[in-house]
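Reading through the structure tokens given below for one structure.
Please treat every number below as a calculation from the coordinates, not as lab data. Keep in mind that what you see is a predicted model, and the values were worked out from it rather than measured. Note: ideal-geometry Cβ built from the backbone for every residue, glycine included; neighbour counts use all protein chains shown.
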């Protein structure tokens, strides 16, 4: 059982979270959504200990995992029970080579080599990331980096998994793999807490939906998510669609037109300048930095220097 009780967070006098209270049992997928800046990522950082250990802030309330008070643990101690996938995966890599990255947390737990190989094989097959093994991590695409980060935390087999907008860099196929991964964690009895804007891929596997607004948390059981409830939530909190938007829907009744701008002069002749700036001015602390009447650029490479 994971629980937050009367959790409050203030940063430089601004109250970010206000009396957050929830408890979720094992084998539960708990999705937190809300507008950007509503406090979703901050809540995850309070849970894993980044706040206040790395980012100083004022916290009150209680965070518990079973009988353990996480408030009394530092980040290293919490990492034995909590794994996190961040929105920008580059911030959590320790190694340059992808296979080394997957082995790193297992080496820290002093697992035998044969067991590490078996675990890495299991989760790379589950997430279809075998092709990412033995690669330079920083040569991978954004989506591939995200899948590598997810694979890495899966190998740790912790009790709680935190995901901060895990679908942000993923294409349609990779989102399907992510959904499969989360469903597997749920099947294994893990507690999964996801901060996410995209909701359609979680609709079938999440147990609770929580909406953060102005520091307050409204919890909704998925069993109560009928059509009317979904419409109210979307209108009240400006949430994204709970249904997947398909390409055919965009093409059916919504014709698209190509519009060409800045490609012709007044007399109808083609203008070679494909980029134009008109009447552009910029000032800083009452000092005018630039004042451009009109400038245009055609195809090519330009160098801008001082006279």
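Just so you know, the averaged projected area of the alpha carbon convex hull for the range 1-84 sits at 5.5 nm². For the chain, dividing the convex hull volume of the Cα atoms by the residue count gives 231 Å³ per residue.
Taking Cα atoms only, the orientation of helix 113-126 departs from the longest principal axis of the chain by about 50 degrees. The ranking of 22, 280 from fewest to most other beta carbons within 10 Å of each one's beta carbon is 280, 22.
Restricting the calculation to Cα atoms, every distinct pair contributes to the Kirkwood radius of the range 115-158, found to be 10.6 Å. Compute the angle between helix 98-108 and the longest alpha-carbon principal axis of the chain, please, reported from 0 to 90 degrees and rounded to the nearest 10. Once rounded, one gets 30 degrees.
Listing 124, 28 from fewest to most neighbouring C-beta atoms within 10 Å gives 28, 124.
Treating the angle as unsigned and between 0 and 90°, give the value, to the nearest 10°, between the Cα long axis of helix 227-237 and the longest Cα principal axis of the chain. It works out to around 60 degrees. Separation of the range 176-231 and the range 65-86, taken as the distance between their Cα centroids, equals 22 angstrom.
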